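The values are calculated or read from the model by the stated rules, or taken from the named source; none is laboratory data. The model shown is predicted, which means the values in this text are computed figures rather than measured ones. For neighbour counting, all protein chains shown are included, and Cβ atoms are generated from backbone atoms with ideal geometry for every residue, glycine included. Accessible surface is based on the protein model in full, side chains and every heavy atom, while ligands, DNA and RNA are left aside. Shrake-Rupley method; radii C 1.70, N 1.55, O 1.52, S 1.80 Å.
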Amino acid sequence: MKLANYVSGKWLEGKGEGVPLIDPVTGEELARATSDGIDLAAGLDYARTKAGPALRAMTFAERGGLLRAVADALTAKRDEYFDIALRNSGNTKIDAAIDVDGGIGTLKYYAGVAKGLDGARCLRDAGYERLGKDESFQAMHLWVPLHGVGIHINAFNFPSWGMWEKAAVAILSGVPAFVKPATSTCLLTQRMVKDVIDAAVLPDGALSVICGGGRTLADLATGQDAVAFTGSADTARHLRANPNIIARSTRVNIEADSLNLSLLGPDASPGSAEFDLFVKEVTREMTVKAGQKCTAIRRALVPAAIADAVTEALSARLAKVVTGNPRNESVRMGPLVNKAQQKTALEGIRQLAAEADVVVGGADGFKPVDADPAAAAFVAPTLLRAKAPKEGRAIHEVEVFGPVCTVMPYASAGEAYALAARGGGSLAASVFTGDDAFATEAALGIAAMHGRILVIDAKVAEANTGHGIVMPMCVHGGPGRAGGGEELGGKRGMRFYHQRVAVQAGTTRLDQLAAGAVEVAL
Ligand code: NAP
């Protein structure tokens with residue numbers, strides 16, 4: 001079966017045989033994806049000229065209503081999506097919930113944001129700017145939606161959330177979404193788009209999807225488009241360097257890979273609440289979605305004096321994780337998404353093993369429950385312990401996109417912050433400590449290298465939302481290696497799809513313009 005593409009308001013079949021989509025447990029082919037031969041330039045133009053004006057004519061409240069309707073259409077089919085996530089991504093129920101419910105939750109969150117933006121169609125900064133002595137002529141900063149399209153290029157690990165976290169913000173801003181999911185897992189993305197199109201809840205052209213291909217999208221972008229990319233640093237570099245993108249100064253937001261860390265404070269001792277919470281969280285981050293989360297903990301920084309105890313506690317917890325076919329009730333961790341990712345992850349483990357001892361798992365000989373290792377794409381939960389964290393290179397630079405984490409003992413707080421910085425910029429960090437002074441010092445000590453930091457102690461054991469879970473009201477992105485981008489973060493996420501324009505005029509005219517815009521702090 002070839003998956004149809006939804007472009008120019010029509011379902012279109014691509015040419016050629018297409019790329020096979022595979023069940024990573026059984027190796028069975030599920031569908032094929034190709035957008036070859038489809039006129040992408042026309043499709044982008046259709047979205048810009050047909051859906052753009054329709055969305056811009058709506059108020060934020062009306063666009064928020066669209067998001068709510070999309071969320072409702074998806075909620076009705078939730079069980080089907082879990083089944084697709086199992087078959088095309090090898091997801092357990094919990095894995096699928098993070099992706100499917102995360103996507104629906106983000107749509108609902110932005111529908112809620114819309115409610116606070118009244119009946120306005122655009123945004124403005126607070127107040128006017130005095131330009132001189134005469135108060136009759138002043139300036140105001142408006143934020144108006146771009147007249148282009150959001151070109152959304154996504155990674156394989158979140159076929160649902162990855163699409164909706166971008167599309168929700170674009171559509172609420174008044175900008176259509178043109179979605180290119182990663183080919184290997186595009187079955188879920190395509191089905192969700194199909195259900196939303198069938199439900200007829202969006203203006204024509206507001207949502208498009210291509211399955212496979214899309215290599216010319218950057219060549220086709222205009223200066224009014226906004227390219228939001230999630231994926232590897234290599235592809236990100238390629239997109240950023242695209243001559244058309246450079247020539248037109250097209251906006252590009254990059255969410256790339258990172259070696260996120262969790263830091264256990266020097267106060268934590270075995271048996272303390274923070275020690276136990278840390279061990280639980282590192283294990284969860286390693287095993288949920290088989291470690292295929294861009295925010296997953298890759299480096300566990302622990303006080304040298306208790307490094308043995310932490311390693312033992314993590315090993316004991318990991319020993320209880322049943323890994324195999326998620327169709328088996330006892331299984332808690334599934335496979336990687338395909339054989340290519342498995343090969344890359346195993347190579348990565350071998351690179352890390354040159355600088356660290358393998359404590360649990362490893363690259364060789366893993367036998368999953370209820371699955372044929374030859375056909376399936378499993379990687380064993382693998383814990384390593386760095387031999388000399390300060391001297392290591394691969395342990396700070398090689399992102400193994402799987403259930404893999406390296407324990408790194410540190411001798412002092414300053415050394416821990418220096419190790420944190422060796423990641424070169426990450427999406428998320430967490431600090432587990434019962435010491436209030438250290439909590440503040442550590443948060444500030446590593447803040448500049450991260451997009452988001454969780455500071456955890458026993459008091460927030462129940463309330464905390466988890467290291468790896470991206471919350472739509474918080475910034476998602478990170479400096480340096482993480483791509484230097486910023487998505488979500490509540491209303492501020494909409495900046496990417498808006499042009500900030502200074503309007504200098506008489507105050508009566510400014511008052512008229514201000515009446516159609518809502519004041520927000522962006
Ligand atoms: P990838 O190979 O870079 O692919 C990402 C997307 O880019 C896919 O849709 C891919 O399409 C597309 N692509 C590749 N070359 C392209 C080109 N020349 N022009 C246009 N599109 C192109 O990354 P991946 O393997 O899917 O994802 C894994 C990586 O993503 C990991 O490193 C992970 O850390 C990172 N990630 C980051 C975040 C975040 O929010 N920061 C979230 C999730 C994952 P095809 O699939 O057709 O090749």
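About the Cα centre of region 261-474, what is the dipole size in debye to 20, counting +1 per Lys and Arg Cβ and -1 per Asp and Glu Cβ, all else neutral?
Working: 21 positive and 23 negative charges, 150 e Å.
Roughly 720 debye for region 261-474.
In whole Å, what three semi-axes, largest first, describe the equivalent ellipsoid of region 261-474 built from its Cα gyration tensor (square root of 5 times each eigenvalue)? Write out the running numbers ahead of the final one.
On the way: eigenvalues 151, 67, 52 Å².
For region 261-474, the semi-axes come out at 27, 18, 16 Å.
Compute the distance in nm between two label points, each set 7 Å from the Cα along the Cα-to-Cβ direction, one at K10 and one at K343.
3.8 nm
Carbon and sulfur: what percent of the chain's accessible surface (1.4 Å probe)?
C and S atoms contribute 53 percent here.
Kindly state, to the nearest 0.05, the FRET efficiency for T26 paired with A97, given R0 = 30 Å and r defined as their beta-carbon distance.
Values: r = 22 Å, r/R0 = 0.74.
Efficiency computed from Cβ-Cβ geometry: 0.85.
What FRET efficiency comes out for the pair A76/T222, r = Cβ-Cβ distance, R0 = 51 Å, nearest 0.05?
0.90
Specify the inter-centroid distance of region 426-505 and region 274-291, based on alpha-carbon positions, in whole Å.
Region 426-505 and region 274-291 have Cα centres separated by 19 Å.
Is any residue of region 419-448 close enough, with backbone N under 18 Å, to a label point placed 7 angstrom from the Cα of A463 along the Cα-Cβ axis, and if so, which?
431-437, 439-440
With only alpha-carbon atoms in the gyration tensor, what are the semi-axes of the equivalent ellipsoid for the chain, in Å, largest first?
Ellipsoid half-lengths, sorted descending, are 39, 30, 19 Å.
Among A316, P243, A126, which residue has its Cα positioned farthest towards the positive end of the charge dipole of the chain, with +1 placed on the Cβ of Lys and Arg, -1 on the Cβ of Asp and Glu, and the dipole taken about the Cα centre?
Sorting the options by dipole projection puts first P243.
What distance in nm lies between label points placed 7 Å from Cα along the C-beta direction at L131 and A241?
Rounded to a tenth, the inter-label distance reads 4.4 nm.
Could you give the length gained on full extension between A305 and A374, defined as 0.36 nm per residue of separation minus the Cα-Cα distance, in nm? Display every interim value, and only then the final one.
Values: separation 69, 0.36 × 69 = 24.84 nm, distance 4.16 nm.
Using 0.36 nm per residue and subtracting the Cα-Cα distance, I get 20.7 nm.
Mind checking the dipole of the chain: about its Cα centre, +1 per Lys or Arg Cβ, -1 per Asp or Glu Cβ, Debye to the nearest 20? Display every interim value, and only then the final one.
Working: 55 positive and 57 negative charges, 211 e Å.
My answer is approximately 1020 debye.
Just to be sure I understand the model, the point goes 7 Å from the Cα along the line to the Cβ. What's the resulting A273 to S249 distance in nm?
So the two model labels end up 5.2 nm from each other.
Looking at G392, S426, S412, which one has the Cα that reaches farthest to the positive end of the dipole of region 282-428 (charges on Cβ: Lys, Arg +1; Asp, Glu -1)?
Toward the positive end, the furthest listed residue is S426.
Taking 0.36 nm per intervening residue step and subtracting the Cα-Cα distance, what contour gain separates R500 from R327 on full extension? Could the numbers behind the result be given before it?
On the way: separation 173, 0.36 × 173 = 62.28 nm, distance 5.04 nm.
The R500-R327 span can extend by a further 57.2 nm.
Looking only at the chain, where both bridge partners belong to it, what percent of the DSSP beta bridges are antiparallel (to the nearest 5)?
Numbers: 27 of 72 bridges.
Roughly 40 percent of the DSSP beta bridges within the chain come out antiparallel.
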